[in-house]
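Below: the structure, in structure tokens.
The values are calculated or read from the model by the stated rules, or taken from the named source; none is laboratory data. Only a predicted model underlies this, so the values are computations on that prediction, with no experimental measurement involved. Virtual Cβ from ideal backbone geometry, glycine too; neighbours counted across all protein chains shown.
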Amino acid sequence: MNPALHKDLAHRIASIDSLPTVPAVMRPLLEMLGGSHDTMDLEKVIEAVSRDKTISAQVLRLCNSALFSRSKVVDSIRGGVLQLGLRRVQEIVMACTFCPMLRVKKIVLDPAIFWRHSFGCALVCRKFSSLIDYPDPEQAYLAGLLHDIGFQVNSLIDPEGWKAAVHKAVSDGIPLYDAEMAILGYSHCETGRALAEQWQLPVAVAEAIEFHQVSETAAEHGDVVAIVHLSDLFCRMRNMGYGYYEPLCVDFTDDPAWHLLAGHFRKLASMDLALFTFELDVLIEEAQKLVDEVFSSPTLAA
Amino acid sequence: MVTQVGNVTIGEPPVRDTTDPDYLKIRDVVYRVSGIYHPETKLYLLAERCSRRMQALSVRTPAEYLEHLTQRPNREAELRMLLNEITIGETCMFRSMPQLDALRRIILPQTIESKTKLGYRRLRLWSAGCSTGEEPYTLAMVLLEQAQTVLKGWTFEIAATDLNERSLETAAAGVYGDYGLRNTPDNYKRRFMTPDGKNFRMNDEAKSIITFSRVNLQDDSKMLFMKGMDIIFCCNVLIYFDGASKSRVIHHFFSNLLPGGYLLLGASESLFQVNDEFRLVHFPQGTAYWKPALSNTGGTK
């Protein structure tokens, strides 16, 4: 990123009073997901979530919802982890934390649509990573979940410009990234990166946020950036984009991100891409239900 | 209880629990043999189609039925019967909106642009396995609605072929009832059809650009004559072919298409391990197989 632009955006982001900070409840989860699995501390996660009364009440509500219907009532975070598994609980915690704190203005982009895309992308990242034997599917999940947080920043630092960019994308049927570059001169990738640094997100996640649109320019963490780039495209091709028609015809196997991964992960060569695509519909429905459930909360409806 | 589903009457169904893992095994058998995939969200559809066959065979559980499909001497015939059930009632006009959106908004503009550069103003589409005509008439309406805009000055034609002569007779008559028109927007009915009692009859404008003929896709000599196609639709037809026949048909389609042409299959059909000449491409909510243009640049088009 151009250093002058980076400095300018970082300054504008720092001056926004309404920009949320990462709640304490998320710290152990982010560390766990962004770092090595050897450092995973389950107790730390359970303790942090249990301590935040608002989040833990939301998490328990979702654990007991029809989405994860279980015969036994979940009455504690520890019980939730035992019954649903840590992975499910961490998904729920992230949904309950990020969805309310980062809400693009509904007048421009429906927050539920934004989060459906983000959670859909996170799930696709995880599935794609597992399929090709990428060693850290959970890190890819987090990178997929947060890859578009720059949209939130843009809606705060320049609401009018952001609104014009969204309208241009929808009316011209072009990617939001292209519309941002045309109207604002920068994109959610740069502002997302600046926010990621402020939030001290893991470097791999910050890189995925900055480079997921132009994955071939990624520096150190090219693999996770490529996974997020492809997963984002998969979501947009399976009806989990930003709610408007993008007339794209995508040859995934000819994408630079695909070539990069093919050089590192041999399994990609034998992947049944059509089958993978058909299977994504299940994940997309899962992401939709999770986000719809979170947004059905009375506190979020307000 | 007796239920009418499409044109099939069924009685009391066997016990159907779509969470039964044997349905996943049946799903995998169907995918392996036919290339048709049922995601878990659509497993209930497969279970419903299986239940009709299970009832006919007096089979109570999916495990037992799986045995009929994989171990019994008549397994191939049974699989064919199940595939028949899976595709029954599929035929109607405007069956796959994502596919038609891609045709209108991506494939046609791209084809028009590349052919214009070469100085051509002629389009040829092929509905291979057109059954009773719903698909070619849909394509005809989509092309004709653009005749005064992006296709102004172009000639376009649709070859519609099927093996079954009775189906072709029905297709040529072009008369459809509520069931075949269940997805058809009213504006298309008003513009391209005339009421005919309880039914609707396709008008001459739509009929004039379609040529119906009998073609066996496995007849190599006939297939050689279907050259110069821009777009081929062949939805839920290849599932009835064995692997070798399917490969041969797909290879013919590849030769029949002009460079840059598209082959569109059913919404959940795949050519994995059947053909590696085509490139799988994705568009919103759908996929197609693309014959690389001579100056292929690939990527996102």
- request: Specify the residue that is farthest from B:F192 (Cα to Cα); the eligible residues are those in the range B:89-123 that are assigned to a loop (DSSP other than H, G, I, E, B) and in contact with a helix residue (DSSP H, G or I) (Cβ under 8 Å, 6 or more places away or on another chain).
  value: B:R121
query: Within the range A:258-276, which residues are of a type in the set (G, A, S) and either surrounded by fewer than 18 Cβ atoms within 10 Å (Cβ to Cβ) or in contact (Cβ under 8 Å) with a residue 60 or more places away in the chain (or both)?
result: A:A262, A:G263, A:A269, A:S270
- request: Test A:V203 against the stated conditions and say whether it is more than 11 Å from every other protein chain (Cβ to nearest Cβ), among the β-branched types (V, I, T) and buried (at least 21 other Cβ atoms within 10 Å of the Cβ).
  value: no
message: Given the criteria polar (S, T, N, Q) and buried (at least 17 other Cβ atoms within 10 Å of the Cβ), does A:T217 qualify?
response: no
message: Looking at the structure I just gave you, is B:R182 out of contact with any strand residue (DSSP E or B) (no Cβ under 7 Å at 6 or more places or on another chain), among the basic types (K, R), surrounded by fewer than 16 Cβ atoms within 10 Å (Cβ to Cβ) and within 24 Å of B:S96 (Cβ to Cβ)?
response: yes
query: Can you tell me which residues in the range B:288-301 are within 12 Å of chain A (Cβ to nearest Cβ) and at pLDDT below 95?
result: B:P292, B:A293, B:N296, B:T297, B:G298, B:G299, B:T300, B:K301
- prompt: Which is assigned to a helix (DSSP H, G or I), among the acidic types (D, E) and free of Cβ contacts under 8 Å to residues at least 40 places away in the same chain, of A:E279, A:E285?
  reply: A:E285
field: Per-region count, the range A:193-223, residues assigned to a loop (DSSP other than H, G, I, E, B), polar (S, T, N, Q) and within 23 Å of A:H259 (Cα to Cα)
entry: 1
Failed item in (1) among the basic types (K, R); (2) more than 17 Å from A:Q213 (Cβ to Cβ); (3) touching a helix residue (DSSP H, G or I) at 6+ places or on another chain (Cβ under 6 Å), with A:R88 passing the rest: (3)
query: Out of (1) farther than 17 Å from A:P137 by Cα; (2) assigned to a helix (DSSP H, G or I); (3) more than 10 Å from every other protein chain (Cβ to nearest Cβ), the odd one out for A:D232 is which?
result: (1)
query: Within the range B:227-235, is there a residue that is touching a residue at least 60 places away in the same chain (Cβ under 8 Å), crowded, with 22+ Cβ neighbours inside 10 Å and either within 11 Å of chain A (Cβ to nearest Cβ) or in a helix (DSSP H, G or I) (or both)?
result: no
query: Among all residue pairs at least 6 apart or on different chains, which show Cβ distances below 8 Å where the first residue, located in the range A:235-257, is more than 7 Å from chain B (Cβ to nearest Cβ) and at positive phi and the second is outside any loop (DSSP other than H, G, I, E, B) and surrounded by fewer than 20 Cβ atoms within 10 Å (Cβ to Cβ)?
result: A:G243/A:I113
- prompt: Applying the selection to the range B:144-172, what residues are hydrophobic (A, V, I, L, M, F, W, C) and closer than 21 Å to B:G266 by Cβ?
  reply: B:I158, B:A159, B:A160, B:L163, B:L168, B:A171
- request: Select from the range B:99-145 the residues that are over 23 Å from B:G180 (Cβ atoms), touching a residue at least 40 places away in the same chain (Cβ under 8 Å) and away from chain A (no Cβ under 14 Å) and list them in ascending order.
  value: B:K115, B:L123, B:R124
Selection within the range B:270-284 - in contact (Cβ under 8 Å) with a residue 24 or more places away in the chain, within 8 Å of chain A (Cβ to nearest Cβ) and either in contact with a strand residue (DSSP E or B) (Cβ under 7 Å, 6 or more places away or on another chain) or within 14 Å of B:I107 (Cα to Cα) (or both): B:L271, B:F283, B:P284
